[in-house]
Every structure is written in C-alpha cells, then in structure tokens.
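To start, the structure under review is shown below, and the notes come after it.
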C-alpha cells in the first residue's frame with residue numbers, strides 16, 4: 001500500500017477524516033504538516049510544566065531566586081562593566097519649570113545609551129525621586145507623549161530618564177531601524193547568546209544605575225515604567241533588580257503561552273524581538289510580575305492591543321495577587337484594563353502619575 005493509500009485508509013478508519021483523538025489521530029491530517037501547530041503544542045507542553053501556585057513565602061522565594069539566577073543566562077542578558085562618568089551633551093530649558101539634559105549613559109568605551117533626562121529647573125534642596133521610562137517598539141526618546149509626561153513629573157519634583165533602546169533612536173544609523181536595524185542587532189546578538197530583550201534589560205539596568213549615581217537623585221526612590229515592549233523591560237528588569245523601588249508595566253500583560261497558542265492564530269508580530277530564547281525553560285510572564293513583590297506594582301492593559309491577548313491577563317493578575325498576599329502586600333497591586341489609544345496619555349498617564357506620587 002502506498003503512503004497516499006495509507007493516509008486515505010486512516011481517514012476512513014477515523015470516520016471520513018473527522019478529528020477524533022480516540023482513534024489515534026489527535027489532529028486533522030492537514031495539521032500534520034503544520035510546523036507552527038507542532039511548535040504551539042510544544043509551547044503548551046513547556047508552559048504546562050511551570051508552577052502555577054505557591055503556598056508559602058519559602059516555596060515562592062526558592063522559585064524566585066532560581067529565576068534571578070538562571071534567567072539572565074538563559075535569555076542572554078549581557079554583563080556590563082562598572083558605570084563610569086556619563087557625558088552630558090547639552091542642557092536646555094523646556095517651558096518655565098523644566099530642564100532637559102541630553103546624556104550619553106556610559107556602557108563601555110565603545111557604546112553609550114542616548115537619553116533625555118528631565119528635571120526641575122529649580123531643584124529642591126533634598127534629593128529627588130527618579131523614574132526610568134522605557135519606550136516601546138519601535139519608539140525612542142523623541143516621542144512627544146513621553147516627553148510631555150516627563151515634563152509633567154519634573155514639575156512635581158521627579159528626575160525622569162527616557163532612553164533609546166537599541167536599535168532605535170540614536171543607537172543605529174539605519175533609516176529602517178525596525179527592519180534592517182533589528183535584523184542586524186538580533187543576528188549579531190544571537191550568535192553571541194544575547195537576545196534583544198536581554199540587551200534592553202541590560203540597558204534599562206544601566207539607566208537605573210546612572211540615576212541612582214546622580215547627586216541630585218535619591219537612590220532608594222528610583223522607579224521603572226514603560227509601554228508595550230517598554231512594559232516588558234519593566235516587568236523583566238523589576239523582577240531581577242530589586243533596586244527599583246516600584247514598577248508600572250503598561251500595555252504588556254499576557255503570558256508567552258497565550259502569545260504563541262492564541263495570538264498566532266490571528267496575528268503575528270513584525271519580528272521575534274519580544275520573545276527571548278529559552279524563557280519558558282525558566283518562567284513565564286506571570287512569574288516575573290509576581291517576582292516584583294512586595295514592591296508597589298501598577299499594571300494596565302489596553303483592550304485594543306490585539307498583540308497583548310487579554311486571555312493571559314487574568315493569569316498574570318491571579319498569580320501576582322497570590323504572591324503579594326504571601327507578603328501581606330496585596331494593597332500595593334493595581335491591575336486594570338482600559339479602552340484607549342496605545343500611548344502614555346489619558347487614563348494611562350493619569351494612573352502612572354498617581355502611582356508615582358503615592359509610592360515613590
């Protein structure tokens with residue numbers, strides 16, 4: 001019997017090709033040549049092996065410490081040399097009450113992170129709280145809404161740093177940064193074991209180090225926030241780096257499992273940069289939100305963002321609240337979805353401002 005005849009016979013035995021797993025198929029025959037579906041099932045299996053509940057702080061902290069030890073190696077977060085002096089290229093007055101500094105945040109002798117730092121033009125006599133703001137994909141420090149929010153917080157006595165993440169903004173010379181720049185960045189990083197999200201994490205951590213090293217910033221009061229892929233920077237870095245006193249990831253709450261299993265059926269991201277290699281061998285997104293406990297956590301989702309499937313939002317909230325309860329700190333958690341534009345405006349800006357004023 002030929003392979004074709006065998007397939008036809010198998011379909012007949014299963015009831016004219018119906019998807020009847022009790023007869024051994026488990027999937028329609030057409031899915032047996034679908035590599036995406038095959039990988040989806042592998043993702044489901046891998047995600048299903050991760051822990052879903054923790055009944056004591058001891059149990060949770062053992063897993064959290066494993067995340068902090070294994071994840072930087074797994075996803076390729078590069079180790080940077082010690083921070084040195086950073087170059088301030090310019091300082092300009094913005095409006096009547098704010099100053100903007102153009103800063104090259106030191107990484108090493110061959111690279112510095114381009115950033116804008118907004119602060120009051122008449123600083124108080126005491127050290128000020130700080131915020132690291134992470135733009136999303138493919139955004140940079142020139143986005144007006146981000147600058148406007150930084151001015152808004154500077155007027156309340158904050159020092160706000162907005163950085164360019166590679167390959168965006170001033171970090172690469174390509175006009176087409178989201179395509180050619182990203183391909184070059186990810187290609188060169190991956191042959192060395194550095195994921196794009198891992199590099200962004202290292203850049204974010206360095207931005208936090210820079211703010212804490214400033215003489216006008218209170219190093220114990222530096223928070224972190226960002227939108228979309230900048231929200232990913234926020235929950236990843238805050239989970240790994242306890243020096244950030246509070247975290248507010250915006251428009252970045254679902255699980256990698258739902259990303260791959262549900263979203264892939266209707267939408268595919270423009271590039272694979274949000275998906276660092278091997279992360280499901282250690283944890284999923286909900287575990288990283290939980291690892292921020294017991295520090296204050298603000299999470300906002302945007303219902304219109306089809307690239308952050310809402311099906312995973314409730315699991316992120318459920319596990320985060322469970323872990324925060326272990327610390328008797330559930331009152332420091334704020335989860336909500338909005339119907340709004342994908343931007344730091346409206347209810348997102350208002351919620352972030354109130355959160356920072358309350359907790360930082």
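Observations
- Any hit, the stretch 207-218, residues being closer than 15 Å to residue 136 by Cβ, over 9 Å from the mean Cα position of the chain (by Cα) and in the same structural domain as residue 117 (by TED's automatic domain parsing): no
- Residues in the stretch 241-273 that are surrounded by fewer than 20 Cβ atoms within 10 Å (Cβ to Cβ) and part of a loop (DSSP other than H, G, I, E, B): 241, 242, 243, 245, 262, 266, 267, 268, 269, 270, 271, 272.
- Qualifying residue in the stretch 232-239 (condition: out of contact with any strand residue (DSSP E or B) (no Cβ under 7 Å at 6 or more places or on another chain), surrounded by fewer than 20 Cβ atoms within 10 Å (Cβ to Cβ) and either in the same structural domain as residue 131 (by TED's automatic domain parsing) or not in a helix (DSSP H, G or I) (or both)): no
- Looking only at the stretch 276-293, and only at residues there that are outside any helix (DSSP H, G or I) and crowded, with 17+ Cβ neighbours inside 10 Å, the one that is modelled with the lowest pLDDT: 276
- Annotation: of all residues in the stretch 39-60 being closer than 17 Å to residue 330 by Cβ and part of a helix (DSSP H, G or I), the one that is farthest from the chain's Cα centre (by Cα) is 57.
- Some residue of the stretch 215-227 being part of a loop (DSSP other than H, G, I, E, B) and surrounded by 24 or more Cβ atoms within 10 Å (Cβ to Cβ): no
- Screening residue 335 on (1) in a helix (DSSP H, G or I); (2) surrounded by fewer than 21 Cβ atoms within 10 Å (Cβ to Cβ); (3) modelled with pLDDT of 95 or more shows it passes everything except condition (1).
- In the stretch 143-180, the residues that are within 16 Å of residue 229 (Cβ to Cβ), at pLDDT 95 or above and assigned to a helix (DSSP H, G or I): 145, 146, 169, 171
- Any hit, the stretch 74-87, residues being at negative phi, buried (at least 16 other Cβ atoms within 10 Å of the Cβ) and part of a helix (DSSP H, G or I): yes
The values are calculated or read from the model by the stated rules, or taken from the named source; none is laboratory data. Being a predicted model, the structure only gives us computed values, none of them experimental. Note that we place each Cβ from the backbone using ideal geometry, even for glycine, and neighbour counts take in every protein chain shown.
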